[in-house]
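The values are calculated or read from the model by the stated rules, or taken from the named source; none is laboratory data. Bear in mind the structure is a predicted one, so any value in this text is a computation, not a measurement. Virtual Cβ from ideal backbone geometry, glycine too; neighbours counted across all protein chains shown. For the accessible areas, the whole protein counts, side chains as well, though only heavy atoms, and no ligand, DNA or RNA atoms are used. Shrake-Rupley method; radii C 1.70, N 1.55, O 1.52, S 1.80 Å.
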Amino acid sequence: MNQDRAGAPAEPASGRATVLVGMSVTEADRRTELLAAAAPSSATTAFLQQGEPSLSAELTRLADAGTETVVLIGVRLGPTGPGHSWLRRIAAYWWRERTGHRPEVLVATRLADSAAAVTAAAAAVKAITGEEPGLTSPAWEEVPGHRHQVLVCRGPRCTAKGADDNLRSLARRLMEHGLGDDDVLVTQTGCQFPCNQAPLVSVQPDDVWYGHVDPPTMTAIVTEHLVNDRPLTTHRLPRHRKEPRTHPET
């Protein structure tokens, strides 16, 4: 059971299978590294978010092939991403909803933060029982009351030009100012355009777009824009809005 460099899975054999699960957008962008980490153990790869195949799809594929035991190892190569508990939540949701053959699912008890750490992470696993927390919570019922939402572009050009470093800087500066999700909601996105201005960050609802952002610029965005409500004049991109369409009277 393996995946080729293009990510296409080979036919699995029944028995025991290992899946390296990318936890964040970073692993989807750095898919080649994830595949290289999977190769020595003939593991496959899946993604918790913004990557294909999804964890649920890969579990279904393995179950349909008659696999008896699936070992999941979460991998987080970037500065941010869902915590380990989300790997168990998603796996448990799939396990509870699965009809037909349902393999035993074992989850590594800690995340691997590098390719070299995968083997060590696999040394301790815990079985999914179906009693894990679900995908809903009263705390997640309402839209958060944040003042700003920072959209960090993670398209291919922005990622290649340092979006990871910008995200790391943003997280540190927000923590220094005591700003949480209810103040500033940080969201990683796919391509936002215009790619020539990469790395790109936009701030909503202010409709402010910044181009050629680096960590020092990100620090200034936090200090001036997010804390003091003064958008930067440097790095700010002009915004050309289309006029709203008018509809002839009928």
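Taking the centroid of alpha carbons for each part, region 86-151 and region 62-77 are 13 Å apart. Most tightly packed first, judged by the mean number of other beta-carbon atoms within 10 Å of their residues, the peptides 93-100, 108-115 read 108-115, 93-100.
Projecting label points 7 angstrom from Cα along Cα→Cβ for A120 and E243 puts them 6.3 nm apart. Between D206 and H84, what's the calculated FRET efficiency when r is the beta-carbon distance and R0 is 30 Å? Round to 0.05. That gives a FRET efficiency of 0.30.
The length gained by stretching the chain between N196 and E176 to full extension, at 0.36 nm per residue less their Cα-Cα distance, is 4.1 nm. In the chain, taking the dipole from charged Cβ atoms about the Cα centre, the farthest positive-side position among Q204, G162, A112 is held by G162. Around the amide H of V70, modelled in the peptide plane, lie the amide H atoms of A17, E104, V105, L106, all under 5 Å away and 5 or more residues distant in sequence or on another chain. Leaving out ligands, DNA and RNA, what percent of the accessible area of the chain is carbon and sulfur, probe 1.4 Å? For the chain, the apolar C and S fraction of the accessible surface comes to 51 percent. Remark: region 152-248 carries 58 Å² of accessible area per residue (probe radius 1.4 Å; ligands, DNA and RNA excluded). Dipole check for region 51-128: with +1 at the C-beta of Lys and Arg, -1 at the C-beta of Asp and Glu, and the Cα centre as origin, the magnitude is about 280 Debye.
Protection proxy ranking, highest mean first, for peptides 140-153, 63-76: 63-76, 140-153, where packing is the per-residue count of other beta-carbon atoms within 10 Å, averaged.
With pairing defined as another cysteine C-beta under 4.7 Å, the cysteines of the chain that fail it are C191, C195.
Short-range pairs are left out: with C-alpha atoms under 8 Å and at least six residues apart, the relative contact order of region 113-248 is 24 percent. In order along region 70-78, the phi-based Karplus estimate (6.51 cos²θ - 1.76 cosθ + 1.60, θ = phi - 60°) of 3J(HN,Hα) comes to 10, 9, 9, 10, x, 10, 10, 8, x Hz; Gly and Pro are listed as x.
Around the Cα centre of the chain, unit charges on the Cβ atoms of Lys, Arg, Asp and Glu (plus for the first two, minus for the last two) sum to a dipole of about 420 debye.
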